[in-house]
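Only the coordinates and a few stated rules stand behind these numbers; no lab work does. If you're wondering where the values come from, they're calculated on a predicted model, not measured in any experiment. Every residue, glycine among them, receives a Cβ derived from its backbone with ideal geometry; neighbour counts consider all protein chains shown.
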Amino acid sequence: MTALEVPTHLVDAGLIAQLLLGALAVLVAVAAPARLRSVLTGSVVVLAGIAAAVTGSAALVGAVGVGLQIPVVLPLAAPLEPLVLAPDRLGGLFMALAGVVVALAALFGIGYAHGPAASRTGWTAFSVFAVGMQLVPAATDAITFLLAWELMAGGSTALLLADHASREPVRRSTVWYSVMTHLSFLFLLAGFGVLAAASGGTSWASISGAALTGTPATTAFVLLVAGFATKAGLVPVHVWLPRAHPEAPSHMSAAMSAAMVKMGVYGLLLLTLRLLPTGPRWWSIVLIALGTVSALYGILQASVQADLKQLLAYSTTENLGLITTAIGVGLLLRDSGQPAVADVALVAALLLAVSHAAFKSVLFLGAGSVLQATGERDLDLLGGLAARMPWTSGAFGVGALGAAALPVTGGFVAEWVLLQALIHVGAQADRLLAIVIPITMGIVALTIGLGLLTFVKAYGIGFLARPRTPAAAQAHEAGPAMRSALVLGAVLVVGLGLAPGPLTQALAGAVSAGGVATFGVTGLSLEAVGVVLHPVALTLLAVAVLVPLVAVNAVLARRHPRRDVTLAWGCGGERTSPRMEYNATSYSEPLVRVFRGSLQASHVVDVVHHDQSPLLVEQMTYTQETGDVIEHRLYQPATRLAARIGDLARTVQNGSIHRYVGFSFAALVLVLVVVAL
């Protein structure tokens, strides 16, 4: 391999910096002493993330301005086209997104990583995972893309498996994750193989220039959508998300959920906007169906979870479902002759991706801080953390506001733009739109409402009221590095909501969308549909509503100060305990009643009677369980069938040399027959 070409542009310098910093991080992880490993390796990975963020931003803004694109070429000894890293506007956006998330996760990991996650293997795997994820959007051909994709998959698998020796669930989760992530790779390999064979090249330029249609294009679309949907965690290939996230180190969970799954979104956009931009309308319907089902199913599952990290994992399926829905709507509207509204939908998809990266980073890092402080991730065993972990509580609260799409956060802006696109669709003259758009709008609205309920539960049950266990009562705040990552992430969540205009203009350029402009300095104007969002006005309105309430509360507290006395009869308030409060199970019980069939819900009531009288109840326990109906009805029968086939295959290996020779002869005859035909 020859030396890298000398860079002459910021994008090239940033790409080389990423590669060098990634190699340095691996070297430091292997050579640094244990007491300094997390600090040194984490710091280098933070720098690598910053380099990726700067490189991606330069590619995004620079490509819009002058179209400059100088590749970094890595010639290979094999007779293949050179590997080329040259992010375009869209790739630059996702590279910047991955870089910011990696920097936050690594900064958090400096204080959080311990045990296997802080070992040589743990930090090496995280470094490889981070660099691979940052390079996926920079690839300009299928070979480079797949190599970076597998680098990302291998690093994340190794890090997830790091703690398998002490915790059995980690081993099972890693098996699920490994199978699904390599299934994704096989789909992508087959899909890109079809495109390369039909176009005569592996570069994006060759494939897009061939203008493929017909059977090759359809086959490639189906295979590639399956591969990208698996990585994005869309239903029904979402099953690895709720298994891997609870067992992964929390800084890895943040990087996986906030950035890695976005590589699936990037792949869908690359496929539909650049490689195969002229597909039939049913392609859009497929994406809308995948998106809406994933969004609704994901938030339903999240709304009834008591495990905080599983709740966030299912919420990721919901968020990626909304993004995919926006992509599908944009493509359908472009094909239906409504390019202006289509542009708004595609910009909404990118806003959803960016805002999700911000608030989901904060939420997973906050969950990791809670887990380190209490040893618990079960909401039913938490409570009262707001007073004991104010920094974590504040940051998690901001992330929950973003996830619930409340003003003034990036989540609100993104979902507001998506709703504007759906509202302004002209469906009168198109029967397909007249059917699809109202159904989509109803599902999106229901998803947003359930999302609000879900994150009210997550924050209210976990951080407010009284602590339910001694572990929650004795919780302690996170360290400086962890607090810094949480605060920076929370600032991003609010910043995306306060100043969406300039960012949205840049995102519009990434998908060649028009009709998007700033309103004032920070506001957002969707000229295509004639609406304006002014976040400053929303902020002032929120302040105008809250200030009088706070003032009235302060006056009442001053006039009627609290007296800590024990009354003879306290109207039920003197003997309250955490057992009388709502917990996660009781909060979600009404939803379980409504959606019992979809949630595969069951409950058990155990009653223990008093020894001396069967009429007296000594203790009563209520247990509610929900399951993943898709896993139960699809994956479990498939795994049982595979196990039976494996058992039958063992009967072939009976140790008889005569049988083995017979099998070899039969195989030879079969090959000769096939060749003769």
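Quick notes
- If you model segment 481-521 as an ellipsoid using its alpha carbon gyration tensor, with each semi-axis the square root of five times an eigenvalue, the axes come out at 27, 12, 5 Å, biggest first.
- Taking the longest Cα principal axis of the chain as reference, the axis of helix 410-423 is set at about 70 degrees.
- Calculated P(r) tail over 21 Å for segment 365-484, as whole % of Cα pairs: 50 percent
- Each listed q (0.13, 0.19 Å⁻¹) maps to a log10 I(q)/I(0) for segment 417-505 from the Debye sum over equal C-alpha point scatterers, namely -0.77, -1.07.
- Helical runs assigned H by DSSP (4 residues or longer) give the chain a calculated mean residue ellipticity at 222 nm of -22500 deg cm²/dmol, each run adding -39500 (n - 2.57) before division by the residue total.
- Point-to-point label distance, ALA445-ASP611, nm (Cα→Cβ direction, 7 Å offset): 6.0 nm
- Each other residue within a Cβ distance under 14 Å of ILE443 adds +1 if Lys or Arg and -1 if Asp or Glu, for a net charge of -2.
- Scattering curve values for segment 343-385, log₁₀ I(q)/I(0), Debye with Cα scatterers, q = 0.14, 0.17, 0.30 Å⁻¹: -0.48, -0.58, -0.98
- Our Cα-only numbers for segment 213-372 put the radius of gyration and Dmax at 15.9, 54 Å.
- Cα-based equivalent ellipsoid of segment 197-246: semi-axis lengths in Å, sorted from largest, via gyration tensor: 31, 12, 6
- Considering only VAL341, GLY495, GLY627, and ranking their Cα positions along the charge dipole of the chain that arises from unit charges at the beta-carbon of Lys, Arg, Asp and Glu, the one farthest toward the positive end is GLY627.
- Cβ crowding within 10 Å averaged over residues, with 508-518, 337-347, 294-304 ranked highest first: 294-304, 337-347, 508-518
- Taking the C-alpha atoms only, the angle from helix 142-160 to the longest principal axis of the chain is near 40 degrees.
- Within the shell defined by Cβ-Cβ distances under 12 Å, the residues around ALA386 carry a net charge of +1, with Lys and Arg each +1 and Asp and Glu each -1.
- The charge dipole of the chain, taken about the Cα centre with unit charges on the Cβ atoms of Lys, Arg (+1) and Asp, Glu (-1), comes to about 640 debye, rounded to the nearest 20.
- Quarter of Cα convex hull surface for the chain, i.e. mean projection, nm²: 40.3 nm²
- Approximate spin-label separation THR651-GLN600, in nm, with each point projected 7 Å along Cα-to-Cβ: 3.0 nm
- Cβ-derived FRET efficiency at R0 30 Å, ALA434 paired with ALA638, nearest 0.05: 0.20
- Annotation: peptides 142-148, 642-648, ranked by per-residue average of other Cβ atoms within 10 Å with the highest first, follow the order 142-148, 642-648.
- A cut-off under 15 angstrom between Cβ atoms defines the neighbours of SER361, and their net charge, with Lys, Arg +1 and Asp, Glu -1, is +4.
- A simple spin-label model places the labels of VAL671 and VAL543 7.9 nm from each other, with each point 7 Å out along Cα-to-Cβ.
- Working ranking of peptides 114-120, 622-628, 356-362 by packing, defined as the average number of other Cβ atoms within 10 Å per residue, highest first, is 356-362, 114-120, 622-628.
- Where Cα atoms sit under 15 Å apart: lysine pairs in the chain separated by 8 or more or lying on different chains: 4
- Since only LEU224, MET260, SER598 are under comparison, the one whose Cα sits farthest along the positive direction of the charge dipole of the chain, derived from C-beta charges on Lys, Arg, Asp and Glu, is SER598.
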